[in-house]
Amino acid sequence: MKTNLILLAVVIVFSSFKYDLSGPWNLTRQENLVLYTRPEGFSKTPSPDSADICKIISAQLQDIKKVNQMLKTSFNKELRIYLFNYDEAREKIRTNAGGGAKVKICEMYFTFNKDLASKMDDFIGMHEIVHIVAGNELGYPSTVLMNEGYANAVSNGYKLRLSEDGSIQRTTLEQWMNDFIANNQIIKPSELLIKSDKIPEHVFYPQAGYFVKWMMNMYGVETTNTLYTLKPQKLKKKLFLITGKEFNIIEKEYLNYLINKL
Ligand SMILES: [Zn+2]
């Protein structure tokens, strides 16, 4: 059966890409969130209606709270979300299967997919919000392991497939990791730390997320937060200062955990 792969949790931050934000937009504000949506009839694919807008805002406000709770942060800056219609998204934000963010200016750009939006409680999800909250509260990440690891750990990154019959099939992070183990595709954290550019995103993102999630459970969110901005060597040094363990020991603990737990 033909399926369209939608990696909602695996969205790329095109930091240098110039997003085309030209209007017209409808603005809806609630608390510290501003949602920009296209007016009705803007393009050939549906613009969000008032019910969609309501659902999206309430889900995203909840997500900001959840991310703050999980990271023990207190992000409360204004966050702007630009929601592009499906048929214009690829041209304006380079993807129609997710979106991206500009962390420093607290902006997100996302594709409105009516099918997903009506079937899911929160089709935008937390991934981009984690980038924005962590980047503003903890500082700018120096490694892709921390940057994408956080986004996938906190959002519990999952894989979605939209089948031909319109149903959504979800693969949890745990199932995804099981598949990597079964296929002998587990990447060591020491490689995730320095070789992110050599590993395909669909392999890197979930594994970075799973390792960061394990770090948070094992050594605490506060400890993991102190590593967020550090380059590889400093990160290892800091971790040794806090835990008394060399990185290769921590890596062994993690790999043992994977073998025993999954
Ligand atoms: Zn990301």
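Where a number appears in this text, it was derived from the coordinates with a stated rule and is not lab data. Note that the coordinates shown come from a computational prediction; the quantities given were computed from them, not determined experimentally. Positions of Cβ are backbone-derived with ideal geometry, glycine not excepted, and every protein chain shown enters the neighbour counts.
Pairs of Lys residues in the stretch 4-137, spaced 8 or more positions apart or belonging to different chains, with C-alpha separations under 13 angstrom: 7 in total. Starting at 0 and stepping by 5 Å, how many percent of the alpha carbon pairs of the stretch 4-137 end up in each bin? So the P(r) values, bin by bin, are 2, 11, 22, 26, 22, 13, 4, 1, 0. Once the C-beta distance of residue 255 and residue 91 is scaled by a Förster radius of 41 Å, the resulting FRET efficiency is 0.40 to the nearest 0.05. Measuring how big the stretch 174-261 is from its alpha-carbon positions, Rg and Dmax come out at 12.7, 35 Å.
Figure legend: label point modelled 7 angstrom from the Cα of residue 74 along Cα→Cβ; residues of the stretch 121-136 with amide N under 18 Å from it are 133-136. Simple rule: put +1 on each Lys or Arg Cβ and -1 on each Asp or Glu Cβ in the stretch 127-231, find the dipole, and look at 140, 205, 226; the Cα lying farthest toward the positive end is 226. Net length available on complete extension from residue 30 to residue 43 is 2.1 nm, with 0.36 nm assigned per residue and the Cα-Cα distance removed. Candidate cross-link partners of residue 188 among the lysines, defined by an alpha-carbon separation under 27 Å and a same-chain spacing of 8 or more, comprise 159, 198, 213, 231, 234, 236, 237, 238, 245, 252, 261.
Fully extending the segment from residue 17 to residue 104 would add 29.9 nm, taking 0.36 nm per residue of separation and subtracting the current Cα-Cα distance. Selection among 123, 154, 89 by position relative to the dipole of the chain gives 154 as farthest towards the positive end (Cβ unit charges, Cα centre).
The relative contact order of the stretch 174-261, computed from alpha carbon pairs under 8 Å that lie at least 6 residues apart in sequence, is 28 percent. How big is the chain by the Kirkwood estimate over distinct Cα pairs, in Å? So the Kirkwood estimate lands at 19.1 Å. Once both labels are positioned 7 Å from their Cα atoms along Cα-to-Cβ, the gap between residue 243 and residue 65 label points is 3.3 nm. For the stretch 195-253, the set of chymotrypsin sites (Phe, Trp or Tyr not before Pro) satisfying both a DSSP loop assignment and a count of at most 11 other C-beta atoms within 10 Å is empty. Among the GluC sites (Glu not before Pro) within the stretch 138-193, those in coil by DSSP and having at most 13 neighbouring Cβ atoms inside 10 Å are 164.
Secondary-structure-derived ellipticity at 222 nm for the chain, considering helices only, amounts to -14500 deg cm²/dmol, per-run term -39500 (n - 2.57) for DSSP H runs with n ≥ 4. The length gained by stretching the chain between residue 190 and residue 54 to full extension, at 0.36 nm per residue less their Cα-Cα distance, is 44.6 nm. Measuring nothing but how far apart in sequence close Cα pairs (under 8 Å, 6+ apart) lie, relative to its length, the chain scores a relative contact order of 20 percent. Against the longest alpha carbon principal axis of the chain, how many degrees, from 0 to 90 and to the nearest 10, is the axis of helix 232-243 turned? Taking Cα atoms only, the helix is inclined about 60 degrees. Taking a ≥ b ≥ c as the square roots of the eigenvalues of the Cα gyration tensor, an a/c ratio of 1.5 or more together with a/b no larger than b/c marks the stretch 81-131 as oblate.
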